[in-house]
Amino acid sequence: MAYLELRELRRAFGPVVALDGIQVELETGEFLSLLGPSGCGKTTALRLVAGFDRPDSGSIVVDGKDLTRVSPSRRDMGMVFQAYSLFPNMTAEQNVEFGLRIRKNRRAARRKRVSELLELVGLGHAGKRYPHQLSGGMQQRVALARALAIEPRVLLLDEPLSALDAKVRVQLREEIRRIQTQLGITTLYVTHDQEEALSISDHVAVMSSGRVEQLGTPAEMYSAPATPFVAEFIGTMNRLEAVVVDGERGEVEHGSTRLTVDAAQGRTRGERVLVLVRPELLELEASTDGGAAGENTLRGEVLTQTFLGPVTRLKVIAPDAELIADMSTARAAALPIGSRVVAHVPVAGTRLLSLSEEPASDGQDRGGR
Amino acid sequence: MRRRWIAPSAIVWLLVAAAFFLIPLIATLLFSLRSIQTGKCCSGAAYSLIVHDHQFWTTVRLSFLLSLETIAISLLLLVPTVYWVHLKLPRLRPVLALMALVPFVVPPIVLVVGLLNLYKGAPSWFYDKPYGFLAAAYVILAFPYMYFALDAGFRSIDLHTLTEASQSLGANWRTTLTRVILPNIRVAALGGSFLTLAIVMGEFTIASLSAFKTFPPYIQVINEGQPYEAAALSLLSFLIVWAAMLALLFVGRGRSRPAQVAAAR
Amino acid sequence: MYALAFLFVPAGEVIVGAFKNAHGGATFDHMRQIVHQPYLDQYWLTIKISLITAGGGCVIGLFVAYAAIRAGTPRFLRTILSTFSGVAANFAGIPLAFAFIATLGTIGIVTTFMRDHLGFDPYAHGFTIFGETGVEITYMYFQIPLMILVIAPAIDGLRAEWREAASNLGASSFQFWRYVGIPVLLPSILGAFILLFGNSFSAYATAYGLAGNSVFLIPITIGFYYSGNVLSDPHLAQALAFGMFVVLAAMMLLYIPLQRRSARWMR
């Protein structure tokens, strides 16, 4: 049985429905991220779990106990906020100690636990400093230690890295994951950064307008997005609108070009679909003038080149779509801006999404956990 | 957060505050409407007496002109000073701010004692005339309010860029100040001016000790013998402060709030 | 320059004048005089009234400001309160004194109402608006709004996250205020207290209009000796004014270390 359960949570603020019946379950020790753009309801969900807000309907269950009506101070959940949540009048040590002091733990035990935790987050030396003397990253480490000090049943993190520099962000997220694994604590993490969610979670729930679009492992999210929204949101994806022309052979028509993709097999003729191709799977080569383009190809012209280190991302303008392709920087040098190119769409490895269905309606079922 | 209802304790506190602040005003209003002969409600006699008292008009006029004079002197003194300090001598800003705090610390009663003593020997055009001596004292009283309002105004604009842009287009110092800088700090200057107006219209201590007949001492004189008229005058004076504050709120709309406290003595 | 001529020199003049006798020679007579009765009592009364109204103003102002700012209170109430506070904090002096006479004076509206309809005559129980309590009540009319104005930004600075973090860690609302809310506000509260103290300590017009002949506050005595027709003694007035400086300076000396202590987490 799941350890933490969000059951059919609904919450509306006036006419705005922030959460439209979401259902999420976490096993003991699991790290799950709620991922979505701002306004999708992920923070509302977290606040409901923490108890700062009450759902209109639905419940929150931890370890078989319904906590929906329990006040936040009795829920034993450690929370890390976006920023500036440390009590400014207390040193790092006193901040971490706060929860223990409230619980009236013995002084010696408190001291020991505080120094252990500060060591754990790598701040053993900074215990006597006040929050404003700490950098943003250090403040968030203290906030994490403070949340862990009370040995919470669940750890909640509300975009804890969003206010930090890119470099600190990557470093700290790895550390959060390390500490979480080490302590085996069930964790609910909210973020709008897909890279962050994919890199540290056991499972990811992609949310949009108050619903869970898809729930699955990061690998599933990346390789098998269940809805156009997820496909767009997770990673970069080429989306080719097409119509199925032959379901047996797997042929679709994109504009005036015919493409063969395995994923189209078994589809009904005339169905409107979206062919999804990852940029790294799209092969580009210089177009030879006049010659036939060949099977499964689109013609186009290089619009921009963006250097990303080992790979270079090329934007190609084709007659019916804008394509994005990643290729090794060395090879990209041969395709300067303005050159005519041919893009090879792979037969295998593409995904197909039907456009005639409502995107969100069956998101969870197809997520395949 | 996102609480849906106002907290009950908040309602209680706000109601108590509203009662404490409104009851004296309502009482004063009712009092001022009592008939002078019978002491019963309601008659506008007190108001009509005031309006027909030429002393009322002369004192109000004196106070009003004094406040205009104070505002003019303060602006003339402070705008160039603050501009210069911001532009060329930012190190002096804390010094100026500290000086602006001194009138807060020196009680007006002490100030007036010192001033009277010091300028006893001054020529009579200064010492004996309200537009000389009193205005000079009021400029000091208004100094902190005017200074902090202007300081905030100058801080909110990019003074260096504006000045340099104006000069690179060929303007001289005076043109820069009057054509470029002033329009940009108009709101701050207005804010300080309305506060000054409120202060000068209500200032009693200095006026009464130096024996000038401005509006507040006039109220005091009335106060001693004609209670109903005094109530009416008190309300009028309250309305003057209200008008100044509303004007302040109005010009300050959408900007950082100017200081709102004047001398509550 | 201007400030020098009209501010510092007069202040200096007071200090020097305090040590001069009627003929301009140096003397400690006046200083000796003011540490004796009745002036000691008057200083004490002035300080007492200032402490009471500053303390009361701080506490009540804090609660009212918090009530207006806390989540759930409609925003327009807040705007009304802050505008009104701006007016009330400036509505002092003679008009204020008279407003309270009209309210709580012997024939004031509230007094008559209580006497006629509640069967309770405050004046029969020793109360008078012209006495010490009356002065205190009247001073509250500008002290509370002043507190609201100066403390509101500090209350605004209390972040919702602190409240939530505290409750998340198991703290009750009381515990939040005890360990976080009040300590964070304390420097601002202390600063406001000093401001309110000074405000009340140097108030002259209100007390004069209200109880010029019955409550002997130091500013009133100074005014009396300065402009009084019979008992004019400017040098004694200056000595008394000098005494006010001393009291204010002493308050500042008390305040600075307290402020330092309460704000040590800011540096």
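Data table
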| read-out | value |
| --- | --- |
| Residue in region A:140-159 that is of a type in the set (S, T, N, Q), away from chain C (no Cβ under 14 Å) and part of a helix (DSSP H, G or I) present | no |
| Failed condition for C:A160, given (1) within 9 Å of chain B (Cβ to nearest Cβ); (2) free of Cβ contacts under 8 Å to residues at least 40 places away in the same chain; (3) surrounded by fewer than 18 Cβ atoms within 10 Å (Cβ to Cβ) | (2) |
| Failed item in (1) in contact with a Pro (Cβ under 8 Å, 6 or more places away or on another chain); (2) modelled with pLDDT under 80; (3) under 27 Å from C:L186 (Cα atoms); (4) more than 7 Å from chain B (Cβ to nearest Cβ), with C:A88 passing the rest | (4) |
| Subset of region B:49-71 [assigned to a helix (DSSP H, G or I) and exposed (fewer than 14 other Cβ atoms within 10 Å of the Cβ)] | B:V51, B:H54, B:Q55, B:W57, B:R61 |
| Yes/no for C:A160 being among the aliphatic types (A, V, I, L, M) and under 25 Å from A:R101 (Cβ atoms) | yes |
| Close pairs (7 angstrom Cβ cut-off, 6 or more residues apart or separate chains): within 10 Å of chain B (Cβ to nearest Cβ) in region C:215-237, in a helix (DSSP H, G or I) and modelled with pLDDT under 65 anywhere | C:H235/C:G17; C:H235/C:H30 |
| Helices (runs of 4 or more DSSP H) (entirely within region C:87-157) containing at least 3 residues that are closer than 16 Å to C:L217 by Cβ, within 13 Å of the chain's Cα centre (by Cα) and not charged (D, E, K, R) | C:132-156 |
| Condition broken by C:G72, with the remaining ones in (1) at pLDDT below 75; (2) surrounded by 21 or more Cβ atoms within 10 Å (Cβ to Cβ); (3) under 19 Å from B:L14 (Cβ atoms) satisfied | (2) |
| Residue pairs meeting the criteria (Cβ under 6 Å; at least 6 apart or on separate chains; first under 21 Å from A:I176 (Cβ atoms) and away from chain C (no Cβ under 13 Å), in region A:100-119; second loosely packed, with under 14 Cβ neighbours inside 10 Å and not acidic (D, E)) | A:L118/A:G124 |
| Test: C:F63 is farther than 25 Å from C:P187 by Cα and either at the interface with another protein chain (Cβ under 7 Å from one of its Cβ atoms) or modelled with pLDDT of 80 or more (or both) | no |
| Residue count for region C:39-86, restricted to those that are in contact (Cβ under 8 Å) with a residue 24 or more places away in the chain, among the β-branched types (V, I, T) and within 30 Å of C:I218 (Cβ to Cβ) | 7 |
| Residue in region A:99-119 that is within 30 Å of A:P37 (Cβ to Cβ) and of a type outside the set (S, T, Y) present | no |
| Residues of region A:68-99 satisfying the condition of being within 8 Å of chain C (Cβ to nearest Cβ), among the hydrophobic types (A, V, I, L, M, F, W, C) and touching a strand residue (DSSP E or B) at 6+ places or on another chain (Cβ under 6 Å) | A:M77, A:M79, A:F81 |
| Qualifying helices (runs of 4 or more DSSP H) (wholly inside region B:152-258; at least 1 residues being closer than 29 Å to B:P24 by Cα) | B:182-202, B:205-209, B:215-225, B:227-251 |
| Filter result (modelled with pLDDT of 70 or more and in contact with a Lys or Arg (Cβ under 7 Å, 6 or more places away or on another chain)) within region B:26-57 | B:R34 |
| Region C:69-85: number of residues that are of a type in the set (A, V, I, L, M) and within 7 Å of another protein chain (Cβ to nearest Cβ) | 2 |
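Residue by residue, here is whether (1) under 30 Å from A:K128 (Cβ atoms); (2) not charged (D, E, K, R) holds:
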| site | (1), (2) |
| --- | --- |
| A:L4 | no, yes |
| A:D20 | no, no |
| A:E25 | no, no |
| A:G29 | no, yes |
| A:R54 | no, no |
| A:V61 | no, yes |
| A:P72 | yes, yes |
| A:D76 | yes, no |
| A:N95 | yes, yes |
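The values are calculated or read from the model by the stated rules, or taken from the named source; none is laboratory data. Fair warning: this is a prediction, and the values are worked out from it, not measured in the lab. In this analysis, Cβ positions are derived from the backbone assuming ideal geometry, glycine residues included, and neighbour counts consider all displayed protein chains.
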